[in-house]
Amino acid sequence: MSDPYEVLGVSPSASDEEIKNAYRTLAKKYHPDHYANSPLADVAAEKMKEINEAYDTIVKERKGRRAGNAGPYTAGQTDYGRYSAPSEYADVRNLIYSGRNADAEQILDGVPTENRDAEWHYLKGTVLYRRGWLEEAYQDFSRACQIEPGNAEYRAALNQISQQRSGMYGGYNPYGTSSDRWSGCDICSTLCAADACCSCLGGGRMC
Amino acid sequence: MFGYIRPQKSELLVREFEEYNGIYCALCRSLGREYGPFARLALNYDCTFYALLLFALSSGGQPGFSKGRCVVNPLKKCFFCRERNNSLSSAAALTIILAYYKVCDDVADSGFFRSLFARFSLLFLHHAHKKADTRYPKLEKAVSKAMRKQQTVEIGNSPGVDLCAEPTAGMMAELFADAAGPEKSGTPAAQVLRETGYCLGRWTYLIDAADDLPKDIRRKSFNPFAVKFQLDEKSPPEALKQARYYANSVLNGTLSQLDAAADLLELGCFEPAIRNIIFLGLPMMQRQRLFRKENGNVRSL
């Protein structure tokens, strides 16, 4: 196994507090919530496991001193949407969660239009989302919530994609108050633009 | 669709920014050396990012830099990467191939006089493109396939935004997945790269479309947002603004996917510059291109 300190990106002489902080930052970054429905969920879960193991190893190594009670975040709750209620589309769900997106889509597309219920739209949305077709996924999730407004699973998917669109997880929010970074004066932005023009033919120095 | 993938300079260390410029200069030199002095005109930030990524994925470690004079502007001293390796040649080939298809597109799209410059550059690019094709046939295949697909999509019956972005996104997915090298194909690392490329390509296509929206409406060229909102020259400014805000939310959604994928990238050298571009440079570009004309009042809404 690789060096646990390296995995957490800290030096072996780091204090317990530093290690805990590094661990928390990484755990937040790779948290399954960020990768819900993402095609990279497995890779992120693997990463999470690595971090958990590294943290556990270090804590064990330093046994004797209390390492605080920052219990490892569990990567186990990737059970997103895999729920126990009987489902017409159990096979489609299984295909989606085993990464066979194209097969799942084929079955879904075979369902005649008049039989397409809320769950169909939700699953179709999930397939599209994993493929990166976020706009059509958004429409399908919205449709699912319209047909069945009380369903928490559909609502969670719609909320996630709406928040992403609002700029909460990256991008730019024109109504945003949090983005102080961007509140620079207009002169600066004008200069930046002028600068960019200068460098397109020149040596490429932005200044 | 060039020039959208750039760093936010104020957030880079001076050293990191110099290295970024060093790669930019080195790519320019590489273009000049391999494809002749005119090829330098095709230099752009997007291919610089591709070169950075190739360096970051190669096992060669940090390349060496030296000081010299800029060929285009000899009064200026510059700091450039002196390595002559596959990362730079490959990025240079991509620059030429992309420039060639862009110019072909310009020639086909615009009238005789407007396309004079494009026709002239095509004379030269034709030869350079052939050379790049023989050296890097894989790159050429990925790009030409995307261009063909794009044409089919555009003549379709009011295609959706996702479908329009698919060819560019797919092309970048392929380029990025191949960047890891053949020995890595099928591994999680290649999968992460593929996803990163897909999202970045999608973002690039969409921001280009959103940025060009007013121009495309005037010239009656194809634009996915104009199709979606049924915009034409008579549309009121509010309709255009609505389309722009819509485009921004689509871009945000794409960036959230890109950020999640980029968090999983394993990079060697130039990591700070690459992360800066993805996490800060792209949102900055969104703000600049979509909201630069609305001052102050945007935030007071």
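The values are calculated or read from the model by the stated rules, or taken from the named source; none is laboratory data. Remember, predicted model here, so these are calculated numbers, not experimental data. So basically every Cβ, Gly included, is an ideal-geometry build from the backbone, and we count neighbours across all protein chains shown.
Might you let me know whether the range A:123-132 holds any residue that is within 23 Å of residue A:99 (Cα to Cα), aromatic (Phe, Trp, Tyr) and free of Cβ contacts under 8 Å to residues at least 40 places away in the same chain?
Going residue by residue through the range A:123-132, those that are within 23 Å of residue A:99 (Cα to Cα) are A:123-132.
Add one more test, that the residue is aromatic (Phe, Trp, Tyr), and what stays is A:129.
Restricting the remaining residues to those that are free of Cβ contacts under 8 Å to residues at least 40 places away in the same chain gives none.
No, every residue in the range A:123-132 fails to be within 23 Å of residue A:99 (Cα to Cα), aromatic (Phe, Trp, Tyr) and free of Cβ contacts under 8 Å to residues at least 40 places away in the same chain.
Go through the range B:253-278 and report how many residues are part of a helix (DSSP H, G or I) and touching a residue at least 12 places away in the same chain (Cβ under 8 Å). Full working, then the answer.
We begin by selecting, within the range B:253-278, every residue part of a helix (DSSP H, G or I); these are B:253-262, B:271-278.
Restricting the remaining residues to those that are touching a residue at least 12 places away in the same chain (Cβ under 8 Å) gives B:254-255, B:257-259, B:261-262, B:271-278.
Qualifying residue count for the region: 15.
Take residue B:2 and tell me if it is among the aromatic types (Phe, Trp, Tyr), within 21 Å of the chain's Cα centre (by Cα), at pLDDT below 90 and surrounded by fewer than 22 Cβ atoms within 10 Å (Cβ to Cβ). Before you say what the answer is, go through the steps one by one.
Working: among the aromatic types (Phe, Trp, Tyr): yes; within 21 Å of the chain's Cα centre (by Cα): yes; at pLDDT below 90: yes; surrounded by fewer than 22 Cβ atoms within 10 Å (Cβ to Cβ): yes.
For residue B:2, the condition - among the aromatic types (Phe, Trp, Tyr), within 21 Å of the chain's Cα centre (by Cα), at pLDDT below 90 and surrounded by fewer than 22 Cβ atoms within 10 Å (Cβ to Cβ) - is met.
Mind checking which residues of the range B:6-19 are in a helix (DSSP H, G or I) and either surrounded by fewer than 23 Cβ atoms within 10 Å (Cβ to Cβ) or in contact with a Pro (Cβ under 6 Å, 6 or more places away or on another chain) (or both)? Within the range B:6-19, B:9, B:10, B:11, B:14, B:15, B:16, B:17, B:18 meet the criteria.
Yes or no: residue B:55 surrounded by fewer than 19 Cβ atoms within 10 Å (Cβ to Cβ) and either more than 9 Å from chain A (Cβ to nearest Cβ) or out of contact with any strand residue (DSSP E or B) (no Cβ under 6 Å at 6 or more places or on another chain) (or both)? I'd like the intermediate steps shown before the answer.
Numbers: surrounded by fewer than 19 Cβ atoms within 10 Å (Cβ to Cβ): no; either more than 9 Å from chain A (Cβ to nearest Cβ) or out of contact with any strand residue (DSSP E or B) (no Cβ under 6 Å at 6 or more places or on another chain) (or both): yes.
Taking the combined requirement at face value, the residue does not satisfy it.
Of the residues examined, residue B:286 is one that is under 30 Å from residue B:87 (Cα atoms) and not small (Gly, Ala, Ser). If you go through the range A:8-27 and keep only what is in contact (Cβ under 8 Å) with a residue 40 or more places away in the chain and within 14 Å of another protein chain (Cβ to nearest Cβ), you end up with just A:27. For the range B:84-105, state whether one or more residues are outside any helix (DSSP H, G or I), under 20 Å from residue B:49 (Cβ atoms) and among the basic types (Lys, Arg). Scanning the range B:84-105 turns up at least one residue that is outside any helix (DSSP H, G or I), under 20 Å from residue B:49 (Cβ atoms) and among the basic types (Lys, Arg). The residues of the range B:245-292 that are charged (D, E, K, R) and facing chain A (nearest Cβ under 9 Å), listed by number, are B:259, B:263, B:287, B:292. Across the range B:99-115, the qualifying residues are those that are in contact with a Leu (Cβ under 9 Å, 6 or more places away or on another chain) and aliphatic (A, V, I, L, M), and the one among them that is surrounded by the most Cβ atoms within 10 Å (Cβ to Cβ) is B:99. Has the range B:208-225 got at least one residue that is touching a residue at least 24 places away in the same chain (Cβ under 8 Å), outside any helix (DSSP H, G or I) and either within 12 Å of another protein chain (Cβ to nearest Cβ) or more than 17 Å from the chain's Cα centre (by Cα) (or both)? Yes, the range B:208-225 contains a residue that is touching a residue at least 24 places away in the same chain (Cβ under 8 Å), outside any helix (DSSP H, G or I) and either within 12 Å of another protein chain (Cβ to nearest Cβ) or more than 17 Å from the chain's Cα centre (by Cα) (or both).
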